[in-house]
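K.L.:
Can you read through this structure? Questions will come right after.
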There are 2 protein chains.
Amino acid sequence: MDQIRRVMKQMINVSEDELKNFLDQTITKTFKRQTIISAPDAIPNNIYFINRGLIRVLITDHEGTEHTIHFALENQFIADYSNFIQQQPSFYSLQALEDTEVVVLPRSAIEWGYTHLTEGQKMGRLIAEYYFIYQDDRIKNRYVRTPKERYDSITEVFPNIHNRVPQHMIASYLGITPIHLSRLKKS
Amino acid sequence: MDQIRRVMKQMINVSEDELKNFLDQTITKTFKRQTIISAPDAIPNNIYFINRGLIRVLITDHEGTEHTIHFALENQFIADYSNFIQQQPSFYSLQALEDTEVVVLPRSAIEWGYTHLTEGQKMGRLIAEYYFIYQDDRIKNRYVRTPKERYDSITEVFPNIHNRVPQHMIASYLGITPIHLSRLKKS
DNA sequence: TAAAAATCTAAACATTTGTTATCGTTTCCA
DNA sequence: TGGAAACGATAACAAATGTTTAGATTTTTA
């Protein structure tokens, strides 16, 4: 147990004392399936670590259409990290698609980590780099692979996703309509 | 002058001594317009800081078509950062579109900075965060804005770009054909 | 557990975007 | 500096993708 402890130890050198002091500043929360964990227009002041469940990141456009931007799985950190960093109002919603348990890391804990954990800055760097690589891969794929190819390889990024989220959300993530995805699957 | 000095000072607290020792590990290079600075298939072991000029990042797909992934301007760091981090062969080319002067930061200097600059890890974090925010914005825009809207706002990200790169590369960056961009401009 | 909502597929049609070819202009470089 | 290459616009046609509507099935929830 204490999954976040394990993940942090894999990333940086951190003593049990440091870990305890850091995690004492966090709380564990559970959200029922379908609950909005974080809403747009507010400045995001938390980062979430997922112990159990699945979180969808989505954005609502001017016509009111929802676009699925991302799925976050167990043992991952998730937030509107861009606006967390910039301390600007969020454009995203975070929604639990299953009953979900998270560790809530408030901004104060993150900042405490940067100054008081020996390798706090390094951990921040590694997390930013991890998501940078993920985004780079996404952007690259959107240039050089077809929607069908991106569909066929989606489980490389989100294992077992087909059994956990409805197909129309996958279509939305891929940037196509659910009708079109249905068509592509036939061929 | 010494633009990289100024940029680093804006990001972190760094002494003149630290700066000197760090920059002594770098060299300045110039590339003529159209030169390939970094080619695919090799592991990228340099990060470039642009003193003067403009670098295009591009990827060539299986049909041999080039896709413009990014433009890097003066006073910015650029690399196939994803594969620099992962120490994997690059998919990208870096091409000077104008006569370009860069500061070459080899991997050894970056690693030296992480261990010997007081705020080296922080600088790494800030750079990764900076590009994360840029990429997040790009991904977001691809979901909620039309190609025309993205074209109309491109100078927010790349000031004066219309006077520096051919339109068909902008079309490629936007993910559309040059013919189609030509059409969109009429409406 | 039954009604309501969500989900997926399908077909027909509309719109967007890509492809090919042509042409006049501009830019480049030998 | 002059020929060649690159560039941007345009038209006609083709392919990909979106929209609307409908219906059957599954899932949710009251």
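What follows draws every value from the coordinates through simple rules; no lab data is involved. All values reported here derive from a predicted model rather than from experimental measurement. Using ideal geometry, Cβ is built from the backbone for each residue, glycine included, and neighbour counts are taken over all protein chains shown.
K.L.:
Taking 0.36 nm per intervening residue step and subtracting the Cα-Cα distance, what contour gain separates B:HIS162 from B:ARG52 on full extension?
P.N.:
Net length gain for the segment: 37.9 nm.
K.L.:
From the label point of A:SER182, set 7 Å from Cα along Cα→Cβ, how far away are the matching label points in the other copies, in nm, ordered shortest to longest?
P.N.:
Here the equivalent label points are 3.8 nm apart from this one.
K.L.:
Here's something else I'd like to know. Can you tell me the equivalent ellipsoid semi-axes for region B:82-126? Use √(5λ) from the Cα gyration tensor, largest first, whole Å.
P.N.:
Working through the eigenvalues yields semi-axes of 24, 15, 9 Å.
K.L.:
Further question on the same structure: Can you compute the label reach from A:GLU74? Point 7 Å from Cα along the Cβ direction, backbone N cut-off under 20 Å, restricted to region A:1-20.
P.N.:
Only A:1-11 pass the distance filter.
K.L.:
Where the label is 7 Å out from Cα toward Cβ, how close does A:LYS148 come to the same position in every other copy, in nm, shortest first?
P.N.:
3.1
K.L.:
Work out the charge dipole of chain B with +1 on the Cβ of Lys and Arg and -1 on the Cβ of Asp and Glu about the Cα centre, then indicate which of B:PRO178, B:MET123, B:VAL165 is farthest towards its positive end.
P.N.:
B:PRO178
K.L.:
Hey, what do the phi angles of region B:104-110 turn into as Karplus ³J(HN,Hα) couplings, whole Hz, using 6.51/-1.76/1.60 and θ = phi - 60°, x for Gly and Pro?
P.N.:
Each residue's phi maps through the Karplus curve to give 8, 10, x, 3, 4, 5, 4 Hz.
K.L.:
Using only the Cα atoms of chain B, what are the Rg and Dmax in Å?
P.N.:
Values for chain B (Cα only, Rg and Dmax): 17.5, 56 Å.
K.L.:
With n ≥ 4 as the cut-off for DSSP H runs, can you work out [θ] at 222 nm for chain B, using -39500 (n - 2.57) per run divided by the number of residues, rounded to the nearest 500?
P.N.:
That comes out to -13000 deg cm²/dmol.
K.L.:
With each label point set 7 Å from Cα along the Cα-Cβ vector, what nm distance links A:SER108 and A:ASN141?
P.N.:
For the pair A:SER108/A:ASN141, the computed spacing is 3.9 nm.
K.L.:
While we're here: Only Lys, Arg, Asp and Glu count, each charged at its Cβ (+1, +1, -1, -1), so figure out the dipole size of chain A about its Cα centre, rounded to 20 debye.
P.N.:
In debye, rounded to 20, chain A gives about 700.
K.L.:
Additional query: Any chance you could tell me what percent of the C-alpha pair distances in region A:7-108 go past 22 Å?
P.N.:
Result for the distance tail: 32 percent.
K.L.:
Amide H of B:ASP99 versus every other amide H placed in the peptide plane: which residues, excluding those fewer than 5 positions away on the same chain, fall under 5 Å?
P.N.:
B:ARG33
K.L.:
If I model a spin label as a point 7 Å beyond the Cα along the Cα-Cβ vector, how far apart are those points for A:TYR134 and A:ASN45 in nm?
P.N.:
According to this spin-label approximation, the distance is 2.5 nm.
K.L.:
Within region A:1-129, how many lysine pairs that are 8 or more places apart, or on different chains, have C-alpha atoms less than 21 Å apart?
P.N.:
For region A:1-129, the number of qualifying lysine pairs is 4.
K.L.:
How big is the dipole moment of region A:71-127 about its Cα centre under a simple scheme where the beta carbon of each Lys and Arg is +1, that of each Asp and Glu is -1, and everything else is neutral? Debye, nearest 20, please.
P.N.:
360 debye
K.L.:
Okay, moving on. Give me the mean projected area, in nm² to one decimal, of the convex hull enclosing the Cα positions of region B:104-185.
P.N.:
It is 7.1 nm².
K.L.:
Follow-up question, since we're still on this one. Where does helix A:120-144 land angle-wise versus the long Cα axis of chain A, in degrees 0 to 90, nearest 10?
P.N.:
Once rounded, one gets 10 degrees.
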